[in-house]
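For reference, the structure is listed below as structure tokens.
The values are calculated or read from the model by the stated rules, or taken from the named source; none is laboratory data. No experiment lies behind these values; they were computed from the predicted model shown. Please note: Cβ atoms are built from the backbone with ideal geometry, for glycine as well, and neighbour counts cover all protein chains shown. Areas reflect the complete protein model, heavy atoms only, side chains present, ligands, DNA and RNA absent. Shrake-Rupley method; radii C 1.70, N 1.55, O 1.52, S 1.80 Å.
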Amino acid sequence: MLMLQGHAGPVTSVCYSPRGDRLASTGLDGTLRCWDRATARSLAVIRDNDGPLRCAEFSPDGRRLAAAGDDAMLRIYDAATMQLLDTCSGSYWPLSSIAWSPQADRITAGSSDRVHGSTVVVWRTRGLRKIGSLSIGHYEIHGLVFTPNGRRIAIASGMPALVLWSSSELPFTELDELPSHAFHVHALEENTSPQLIRLLQRNAVRSVSASPNRQRLATADGNEVLLWEWRTGRVTGRLSDHRETVTAVEFAWSGELLASAAADGAVCIWHESSQRLIAKFDWELGALTDVAFSPDGQTAAAAAGCEILMWDLDD
């Protein structure tokens with residue numbers, strides 16, 4: 001077990017590089033940090049922004065690292081040198097989530113503002129050319145992920161529904177707000193390509209992750225994790241072992257393992273296909289804000305307060 005300390009404010013996100021040798025983190029102290037996985041040593045501390053940072057994500061090829069936060073600017077760095085490559089304004093409001101497409105040819109960011117309305121924006125990464133935006137009403141955006149085929153963006157928000165958006169077919173639009181008491185599933189039809197699909201659940205979608213080599217999405221639904229077939233909209237499983245609200249879910253790159261972190265400080269490791277709980281960790285750090293798997297599935301990291309804990313799963 002290794003403790004990564006350096007942030008002067010709560011850590012907001014953690015993510016591993018595709019090679020698995022580094023971990024990136026963002027915090028309310030306004031810093032983007034890179035860490036050595038083996039030694040927990042700080043490799044770089046970047047502050048090019050004005051205000052807290054909320055999210056960071058490596059590109060699938062590992063060459064770039066994107067970060068964003070409260071100054072509404074999307075920044076892309078060379079992952080090897082941490083030199084700033086490009087920047088653009090994503091919105092007038094803070095950016096809370098970002099995601100790369102599987103081919104790294106597009107990047108999306110979510111701007112959360114409960115007063116003026118939240119927006120998801122999509123750019124072509126070449127030249128950071130804006131190609132689409134979606135308004136989802138007055139819901140905070142908690143997470144974004146592209147489906148494995150890259151055709152849709154799954155949006156986790158304060159809405160009690162996972163939104164699947166086909167941004168290439170509907171460049172600029174708005175999504176009607178849903179009644180908070182609704183609970184049913186809008187199934188996808190095999191021979192259609194709908195532009196907006198809403199998969200409703202009981203609670204706000206606090207987090208979403210896509211299985212890289214399967215057709216599954218995982219969402220946080222209260223103190224449970226839901227598994228979805230994203231092509232059909234069918235719920236295939238409910239994973240229940242947390243006592244409090246699940247705050248983050250993350251598939252391992254192999255697609256076999258799924259981690260879920262909760263407000264009670266517990267991390268559960270699940271076998272995705274059998275839906276079996278294979279390990280549970282509680283490091284008594286308090287509420288967890290994010291969780292991440294190393295690409296080889298052997299190491300996990302979780303953020304709580306100003307600290308990041310990294311451990312081998314066989315500990």
inquiry  = Could you give each residue of the stretch 223-237 its phi-based ³J(HN,Hα) in whole Hz, using Karplus coefficients 6.51, -1.76, 1.60 with θ = phi - 60°, and x for Gly or Pro?
reply    = 9, 10, 10, 9, 10, 10, 8, 5, 6, 10, x, 8, 6, 9, x
request  = Quote the relative contact order of the chain in percent (integer), defining contacts as alpha-carbon pairs under 8 Å separated by 6+ residues.
outcome  = 13 percent
inquiry  = Could you check the spin-label model distance between MET1 and LYS130? Points 7 Å from the Cα along Cα→Cβ, value in nm.
reply    = 4.6 nm
key: Alpha-carbon spread of the stretch 194-315, three principal axes, descending order, Å   = 42, 28, 24
Positive-end residue, the chain charge dipole about Cα centroid, Cβ charges, pick of MET1, TRP283, PRO295 = PRO295
inquiry  = Tell me the Rg and the Dmax, in Å, that the Cα atoms of the stretch 74-129 produce.
reply    = 12.0, 39
task = Please provide three numbers in whole Å: the alpha-carbon extents of the stretch 234-284 along the principal axes, with the largest listed first.
result = 30, 22, 16
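Would you mind getting me the FRET efficiency between ALA80 and ARG214? Use the beta-carbon distance for r and R0 = 22 Å, nearest 0.05.
Numbers: r = 31 Å, r/R0 = 1.40.
Computed FRET efficiency for ALA80 and ARG214: 0.10.
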ask   = So what J values fall out for the stretch 261-269 if you push phi through Karplus, 6.51 cos²θ - 1.76 cosθ + 1.60 with θ = phi - 60°, rounded to Hz, Gly and Pro as x?
value = 10, 9, 5, 8, x, 8, 10, 9, 10
query = In nm, to one decimal, how far is the GLU244 label point from the LEU285 one, both placed 7 Å along Cα→Cβ?
reply = 1.5 nm
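Per residue, how much accessible area does the chain show when a 1.4 Å probe rolls over the protein heavy atoms, in square angstrom? It would help to have the intermediate numbers written out before the result.
Working: 12910 Å² over 315 residues.
In whole numbers, the chain has 41 Å² accessible per residue.
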remark   = If the label point sits 7 Å along Cα→Cβ of ARG151, residues of the stretch 221-259 with amide N under 16 Å come out as 229-234
inquiry  = For a quick check: with amide H placed at 1.01 Å from N, whose amide H comes under 5 Å from GLY27's, ignoring anything fewer than 5 positions away on the same chain?
reply    = THR12, LEU53
ask   = Label-point separation (nm) for CYS306 and ASP264, each offset 7 Å from Cα along Cα-to-Cβ?
value = 2.8 nm
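I need the shape label for the stretch 1-131. Rule: rounded when a/c is under 1.5, else prolate if a/b > b/c, else oblate, with a, b, c from the alpha carbon gyration tensor.
Working: a/c = 2.02, a/b = 1.32, b/c = 1.54.
Oblate.
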inquiry  = Only Cα pairs within less than 10 Å get springs; with that Gaussian network setup on the chain, which residue of GLU57, GLU284, GLU224 has the largest fluctuation?
reply    = GLU284
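Order 39-51, 118-130 from most to least packed using the mean count of other Cβ atoms within 10 Å.
Values: 39-51: 14.3, 118-130: 17.9.
Packing proxy ranking, top to bottom: 118-130, 39-51.
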Long-range HN-HN contacts of VAL205 with modeled amide H, under 5 Å = SER157, MET159, ALA161
message = Within the stretch 1-154, what whole-number % of the accessible surface is contributed by carbon and sulfur, with the 1.4 Å probe and all protein chains included in the calculation?
response = 46 percent
remark   = Between ALA248 and residues 5 or more places away or on another chain, the pairs with built amide H atoms under 5 Å apart involve ALA261
